[in-house]
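The structure appears right after this line, and notes come after that.
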There are 6 protein chains.
Amino acid sequence: MEETERYDRGWKKLRETNETAARQLLDALGDVAPDLGRYIVEFAYGDVLSRPGLDPGSRELVSIGILAAMGNAASQLETHIHSALNVGCTREEIVETLIQTAVYAGFPAALNGTAIAGRVFLERDGNGTSR
Amino acid sequence: MEETERYDRGWKKLRETNETAARQLLDALGDVAPDLGRYIVEFAYGDVLSRPGLDPGSRELVSIGILAAMGNAASQLETHIHSALNVGCTREEIVETLIQTAVYAGFPAALNGTAIAGRVFLERDGNGTSR
Amino acid sequence: MEETERYDRGWKKLRETNETAARQLLDALGDVAPDLGRYIVEFAYGDVLSRPGLDPGSRELVSIGILAAMGNAASQLETHIHSALNVGCTREEIVETLIQTAVYAGFPAALNGTAIAGRVFLERDGNGTSR
Amino acid sequence: MEETERYDRGWKKLRETNETAARQLLDALGDVAPDLGRYIVEFAYGDVLSRPGLDPGSRELVSIGILAAMGNAASQLETHIHSALNVGCTREEIVETLIQTAVYAGFPAALNGTAIAGRVFLERDGNGTSR
Amino acid sequence: MEETERYDRGWKKLRETNETAARQLLDALGDVAPDLGRYIVEFAYGDVLSRPGLDPGSRELVSIGILAAMGNAASQLETHIHSALNVGCTREEIVETLIQTAVYAGFPAALNGTAIAGRVFLERDGNGTSR
Amino acid sequence: MEETERYDRGWKKLRETNETAARQLLDALGDVAPDLGRYIVEFAYGDVLSRPGLDPGSRELVSIGILAAMGNAASQLETHIHSALNVGCTREEIVETLIQTAVYAGFPAALNGTAIAGRVFLERDGNGTSR
């Protein structure tokens with residue numbers, strides 16, 4: 001019962017931030033590791049990312065900084081750049097976050113992150129997405 | 001002349017966020033690599049961290065997320081937890097940022113970051129620092 | 001109710017593998033980030049580490065390999081070397097795992113991991129722990 | 001002479017675990033860095049991976065955990081997922097190992113590793129490989 | 001004025017080492033994060049990489065070692081292999097540097113770096129570039 | 001016989017670069033993982049670091065860059081700063097290498113590496129070591 005509550009809260013959060021990515025994720029994991037998908041919904045989105053105490057925009061910018069700095073998660077970085085825009089961050093805030101990774105993680109991290117942001121912005125321009 | 005402007009802007013920013021750390025940093029580098037200290041003032045603080053487009057609190061939370069996730073920068077993480085509090089972030093926002101690193105960088109990163117935050121909070125309680 | 005079940009399952013797992021570390025962890029997090037401790041019990045131990053499909057010894061060896069390779073989690077590596085011995089792994093298996101990290105993550109990772117293992121073995125010899 | 005013995009032992013190990021990958025590796029390095037290929041055969045496979053003290057299946061699971069956690073070795077991870085299956089690990093054990101990386105290295109590492117495992121499983125299904 | 005001097009010095013350095021990469025970089029960043037491109041010219045090339053005290057060839061070999069070891073910067077590694085050859089390093093020195101990364105960062109880092117070097121060498125053979 | 005040759009060549013190299021560290025290393029590993037010590041002598045020093053094709057000073061600078069950038073190998077970095085000085089690198093070259101890591105791996109890596117260099121320089125000044 002509780003379990004359902006965590007899953008529902010996570011799924012709601014995931015849909016709010018990035019519905020397309022959510023469905024792709026669960027489809028991709030469906031045959032190989034369905035429980036990993038469930039943990040992402042329940043734990044990552046249901047437990048952590050839906051906590052109060054930090055506004056959704058700041059959460060997404062922190063995620064973008066971490067993922068760009070780690071440099072091994074291009075597809076997750078792309079997802080969270082979309083999510084950041086979906087919850088109301090501006091393109092400028094995202095670019096500032098990526099530029100800042102140069103200070104702590106070096107220029108390659110910042111450059112590769114910015115290249116991904118550029119592709120996301122272009123895709124959204126093509127789709128007529130206002131942000 | 002421009003050079004002086006960048007240094008001055010960086011030094012002002014550094015003092016606003018963490019004057020003690022600033023002096024310790026420059027003293028420590030003084031004999032070994034004074035130019036590295038100058039670059040931190042001019043480039044990290046003067047060029048990047050003083051940019052508009054992202055508020056100072058969000059910049060510090062992004063720094064905390066990155067430094068905790070990378071896991072090889074305990075002393076810099078301590079500095080930025082102080083800085084975050086100095087520019088007005090709440091302890092709750094810092095703890096939320098650290099908990100969130102568990103999702104992208106694993107529990108050890110989050111745990112080690114939280115241990116550092118615990119020490120900073122205790123130190124500030126001892127100093128009677130309101131935040 | 002389910003929540004209690006996950007916590008109980010995780011706590012049981014954690015006690016089986018390393019009761020001292022478990023209490024230290026929760027004490028340390030108590031004031032700063034109690035929910036992070038709860039997530040470790042519920043998610044890390046209750047959801048993941050207590051899954052069937054991989055025997056407890058193999059799980060611990062995999063954890064040791066990952067933590068030694070990442071190189072930013074000395075305290076967690078120490079904990080899992082204890083845990084591996086507690087669930088029945090031999091010292092030889094642990095040393096073999098650490099030597100193997102040299103191949104994928106380089107000699108410094110293997111050396112630093114081995115130094116931690118040496119300290120754990122010495123501590124257990126001092127305590128008269130059979131393994 | 002000894003040299004030949006190490007090379008032979010390594011080559012035998014490499015062929016047992018993954019003959020196709022072995023040939024591709026040596027071909028690829030042939031013109032650029034043939035000695036790197038020789039070191040992989042002699043040191044990685046001849047010295048380390050053929051050591052007794054840890055069974056071949058556990059060695060492969062540890063390799064998979066490390067490579068997925070490091071996140072910068074997609075091609076080597078693919079190779080070792082094949083190798084793990086070749087030496088008798090089950091698909092379930094591999095998936096469990098990958099899910100476990102989420103705890104220590106974060107969800108992106110686990111997700112990207114699982115995507116690679118999914119492709120390997122599909123390829124082997126297509127080839128009629130029983131495991 | 002000073003600012004112009006730093007940019008000019010950096011741009012000169014960048015053109016000496018790798019003019020094609022320089023233009024691609026600035027074009028790519030143009031719309032998304034032009035200031036990041038400016039920082040790379042001013043700070044990375046104008047401040048750091050044009051410092052005396054270490055000869056240009058050693059600087060490039062150090063860059064190659066770092067980028068191969070970090071393993072999250074394939075495109076920057078490719079650029080610096082070209083740059084190393086442009087400033088007079090031999091192919092042998094580059095290959096030696098990459099083999100050496102195996103010792104500190106593991107074989108996957110060395111292998112992936114060598115694969116990139118192989119592509120650069122082939123491309124330059126095709127272009128009739130003497131080195 | 002060959003085996004002896006590799007060990008002898010590695011041991012000679014290790015003694016030339018850093019005899020104290022060499023003995024400490026083998027002593028430390030003696031009880032826990034003697035074979036890891038043997039591999040470091042035979043493979044790291046006997047096979048790789050004694051290769052021709054890159055001069056010993058450049059090899060040490062590359063090692064310093066990699067170890068500082070990875071940020072998880074403080075003790076090995078200290079050893080190689082000593083070794084670099086022992087084989088004839090200047091303090092300036094070492095500091096330049098460390099400053100350069102800021103570009104690719106961020107300022108914390110450069111700062112932590114420089115702190116270690118400062119301690120090594122001070123220790124050698126105390127010992128009256130000319131470099």
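Nothing in this text is a laboratory measurement; each read-out follows from the coordinates by a stated rule. From a predicted model like this one, the values you see are computed outputs, not experimental measurements. Positions of Cβ are generated from backbone atoms using ideal geometry, with glycine treated the same way; all protein chains shown enter the neighbour counts.
Distances between copies of F:T20, taken at a point 7 Å out from Cα along the Cα→Cβ vector and listed shortest first: 3.3, 3.3, 4.9, 5.3, 6.0 nm.
Per residue of E:89-95, other chain Cβ atoms within 10 Å of the residue Cβ number 4 on average.
Placing +1 at every Lys and Arg Cβ and -1 at every Asp and Glu Cβ, with all other atoms neutral, what dipole size does the protein assembly as shown have around its Cα centre, in debye to the nearest 20?
The dipole of the protein assembly as shown has a size of about 0 debye.
Distance from the alpha carbon centroid of segment F:55-119 to that of segment D:35-105 works out to 31 angstrom. For the options A:V48, A:V95, A:V32, a Gaussian network treatment of chain A with springs between C-alpha atoms closer than 10 Å singles out A:V32 as fluctuating the most.
Could you calculate the FRET efficiency of D:Q24 with E:S75 from 1/(1 + (r/R0)^6), where r is the beta carbon distance between them and R0 is 35 Å, rounded to 0.05? Rounded to the nearest 0.05, the efficiency is 0.90. Using only the alpha-carbon atoms, how far is helix C:74-86 inclined from the longest principal axis of chain C? Give it as 0 to 90 degrees, nearest 10. Helix C:74-86 sits roughly 90 degrees off the main axis of chain C.
Mean sequence separation of contacting Cα pairs (under 8 Å, at least six apart), scaled by the length of segment C:1-51, corresponds to a relative contact order of 58 percent.
Once the convex hull of the C-alpha atoms of the protein assembly as shown is built, how many Å³ does it hold per residue, rounded to a whole number? Hull volume over Cα atoms, normalised by residue count, gives 165 Å³.
Taking label positions 7 Å along the Cα-Cβ direction at both C:T4 and D:Y7, the computed distance is 6.8 nm, reported to one decimal. A helix-only calculation puts the protein assembly as shown at -25000 deg cm²/dmol for mean residue ellipticity at 222 nm, using -39500 (n - 2.57) for each DSSP H run of at least four residues, averaged over all residues. With label points set 7 Å from Cα along Cα→Cβ, the inter-copy distances at A:V87 are 1.9, 3.3, 4.2, 4.2, 4.9 nm, sorted shortest first. With respect to chain E, whose longest principal axis is taken over its alpha-carbon atoms, helix E:56-70 is tilted by about 70°. For segment A:54-131, the relative contact order works out to 33 percent when only alpha carbon pairs closer than 8 Å and six or more residues apart are counted.
Here the mean projected area of the convex hull built on the C-alpha positions of chain D is 8.3 nm². Distance from the B-onto-F rotation axis is smallest for the Cβ of the chain B residue given, in whole Å, as B:N72, 3.
For F:G128, the point set 7 Å out from Cα toward Cβ sits 5.2, 5.2, 6.4, 8.1, 8.4 nm from its twins in the other copies, listed from shortest up. Once C-alpha pairs closer than 8 Å and six or more residues apart are averaged by separation and normalised to the residue number of chain E, the relative contact order reads 23 percent. The residue among A:T20, A:V41, A:T4 whose Cα reaches farthest toward the positive pole of the charge dipole of segment A:1-51, with charges on the beta-carbon of Lys, Arg, Asp and Glu, is A:T20. Comparing D:L29, D:L14, D:L49 in a Gaussian network model of chain D where C-alpha atoms under 10 Å apart are linked, the largest mean-square fluctuation is found at D:L29. This ranking places A:Y104, F:Y39 by how few other beta-carbon atoms lie within 10 Å of each, fewest first, which gives F:Y39, A:Y104.
For the ranges B:63-75, D:108-120, what's the packing order if you count other beta-carbon atoms within 10 Å of each residue, average per peptide, and put the highest first?
On the way: B:63-75: 26.1, D:108-120: 22.2.
By packing density, highest mean first, the sequence is B:63-75, D:108-120.
A simple charge model with +1 on the Cβ of Lys and Arg, -1 on the Cβ of Asp and Glu and nothing else charged puts the dipole of chain E at about 220 debye relative to its Cα centre. Charge dipole of segment F:1-51 (Cα centre as origin; +1 on each Lys and Arg Cβ, -1 on each Asp and Glu Cβ, all else neutral): 220 debye, rounded to the nearest 20.
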